[in-house]
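Report on the following structure.
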Amino acid sequence: MSKKDITVQLRGGLDARPIAMLVQVASRFESSVYIETQNKRVNAKSIMGMMSLGMAEGEQLTVIAEGADEESALEAIDTYLSGS
């Protein structure tokens, strides 16, 4: 299992469209991927779970991945949330 703290740098934070894109990024990987923020943990491959977080630009979150490609999953999500 790997963890990484990430700051959301997407302009406007995570509303419907950016969340849908994040779910697509997470779903490319075999690993289980979770987003944790404010003592709440959701499956990053679940659009409904991700919508429940309501993350704003500048907010800190932790990405947790477990599986064969966990490091690649963390890197891809970090890249996306950094607005790169």
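Of the residues making up region 1-30, just one is over 11 Å from ILE77 (Cα atoms), part of a loop (DSSP other than H, G, I, E, B) and in contact with a strand residue (DSSP E or B) (Cβ under 7 Å, 6 or more places away or on another chain), namely MET1.
Find all pairs meeting these conditions: Cβ atoms under 8 angstrom apart; at least six residues apart or on different chains; first residue within region 1-29 and over 16 Å from ASP69 (Cα atoms) and in contact (Cβ under 8 Å) with a residue 12 or more places away in the chain; second residue among the aliphatic types (A, V, I, L, M) and exposed (fewer than 13 other Cβ atoms within 10 Å of the Cβ). So the pair list comes out as VAL8/ALA56; GLY13/ALA56; LEU14/ALA56. Every listed requirement among (1) surrounded by 14 or more Cβ atoms within 10 Å (Cβ to Cβ); (2) part of a loop (DSSP other than H, G, I, E, B) is met by GLY83 save one, (1). Number of residues in region 39-79 that are of a type outside the set (Lys, Arg), touching a residue at least 12 places away in the same chain (Cβ under 8 Å) and in a loop (DSSP other than H, G, I, E, B): the value is 13.
Within region 45-52, is there a residue that is under 13 Å from SER2 (Cβ atoms), under 11 Å from the mean Cα position of the chain (by Cα) and not aromatic (Phe, Trp, Tyr)?
No - not one qualifying residue is present in region 45-52.
Across region 54-80, the qualifying residues are those that are in contact with a strand residue (DSSP E or B) (Cβ under 6 Å, 6 or more places away or on another chain), under 19 Å from ARG11 (Cβ atoms) and among the aliphatic types (A, V, I, L, M), and the one among them that is surrounded by the most Cβ atoms within 10 Å (Cβ to Cβ) is ILE77. Against the test of being over 19 Å from SER82 (Cβ atoms), among the β-branched types (Val, Ile, Thr) and in contact with a strand residue (DSSP E or B) (Cβ under 6 Å, 6 or more places away or on another chain), the options VAL33, VAL42 yield a single qualifying residue, VAL42.
No lab work stands behind these numbers, since they all come straight from the coordinates. Just so you know, these numbers come straight off a predicted model, no measurement behind them. Glycine also receives a Cβ, built like all others from the backbone with ideal geometry; neighbour counts cover every protein chain displayed.
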